[in-house]
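Peer 1: Take this structure first; my questions come after.
The values are calculated or read from the model by the stated rules, or taken from the named source; none is laboratory data. Small disclaimer: the values here were computed from a predicted structure and weren't measured. FYI the Cβ positions are ideal-geometry reconstructions off the backbone, even for glycines, and counts take in every protein chain you see. Heads up: the accessible areas ignore ligands, DNA and RNA and are worked out on the full protein's heavy atoms, side chains in. Shrake-Rupley method; radii C 1.70, N 1.55, O 1.52, S 1.80 Å.
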Amino acid sequence: MKNKRLGLKGLLAAVLVMGATGVCVGVAQAAEASTTEATTPAPAAAKPKPEAKPARHAVRHVAKRASHVTPKRRVRTASTHHIKRLKTAAVAEPASASMGHLYGLQKTGDALDLKSSVALVVDQDTNEVLLSKNPQAVLPIASITKLMTALVVTEAHLPMDEPLTVTEDDVRATAGNRSRLSLGTRLTRGEMLHLALMSSENRAAHVLGRTYPGGMDVFVEKMNAKAHQLGMEDTHYVEPTGLSSSNQSSAEDLTRLVRAAYQHPIIRELSTSTEAVVPLGRRQVEFHSTNGLLRDPQWDIGLQKTGYISAAGHCLIMQAKLAGRHLIMVLLDSAGRYSRIGDAERIRKWLDSSSALLPTAAAHQAQ
């Protein structure tokens, strides 16, 4: 029995000695590794690839989640799939500044303190320039495009009573924009033209281009050919609605367009109409003009068109009788929703009060 106890004690002592030895060896190996890391130069690290910056709101979200993790825990990093989603969101986010503002055109001063980056007022009969601000700047023109759409349709002498139907192509081309012309809506060409000019109905404008003889490609070619014929050398169109920022022109070119469109009574009548009731299925739906100046008795407007997309800002072109003259007014890239109307009012009041214009106006009235 005594020998057995001694044997157990000996065995236990041996285990303890081996454990101590292992610890010593482990410590020695760690010390050796530490010495080697400090004295031996580490291989050059591969240069990290630049990482796409996620959208601003997404960065705040990830930072907020990371801030709740204690220092002792491993902070979770965004997955590759999540980073791709953030990158896509950043790319898809629309720019808030218009092209004119990015160019700094709004900094151009003028005597009337206009909010529009571009302004041009021309006498329709004599071509005399009464007001000019960045008239040659080439910018997106948004739904001002529809005036050329109307001109091409009108000059083609297509039957205005022909029924046209909204198709999947029209819906897809105007996706993301509000329209009361749903898939399958059936209206005449004249009704589509009316809604495009008066209410700036994008889907109606697209239907007009798609149903042109030869299709949309031919229609856009006709738009650009007409612009060239009118001497609009700084103008280019890619589609008939104005939703694309690639539809661009200058104020000088647009005065030529207004002159040409004004020759057609149907364009004058439909663009200056204030409201219309259109049958949509079993309902009678009321549409209104996008230009509130048409309801103002102080204005005598013979033709007009408004426009807006973020890249173009708020736009307005008009033919109006002011100070005894027939004038063409172009306002592009106005910053606020109502600033184009405010600019038009400033110009009207300036013309009414300007004594320098009275002799010319009187001469026109005498003719």
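Peer 1: Can you work out the accessible area per residue across region 230-367, with the rest of the protein chains kept in place, probe 1.4 Å, in square angstrom? Mind dumping the intermediate values first?
Peer 2: Numbers: 5970 Å² over 138 residues.
Using a 1.4 Å probe on heavy atoms only, each residue of region 230-367 averages 43 Å².
Peer 1: In a shell of Cβ-Cβ distance under 11 Å around Ser249, excluding Ser249 itself, what net charge do Lys and Arg (+1) and Asp and Glu (-1) give?
Peer 2: -3
Peer 1: Could you give the distance between the Cα centres of region 111-131 and region 139-198, to the whole Å?
Peer 2: Answer, in whole Å: 30.
Peer 1: Now, a different point. Over all directions, average the projected area of the Cα convex hull of region 213-356 and note it in nm².
Peer 2: 10.8
Peer 1: To continue, here is another question. Find the percent of Cα-Cα distances in region 229-271 that exceed 16 Å, and round it to a whole number.
Peer 2: Result for the distance tail: 47 percent.
Peer 1: Taking N as the number of residues in region 117-266, what is its Cα Rg relative to 2.2 N^0.38 Å?
Peer 2: 1.05
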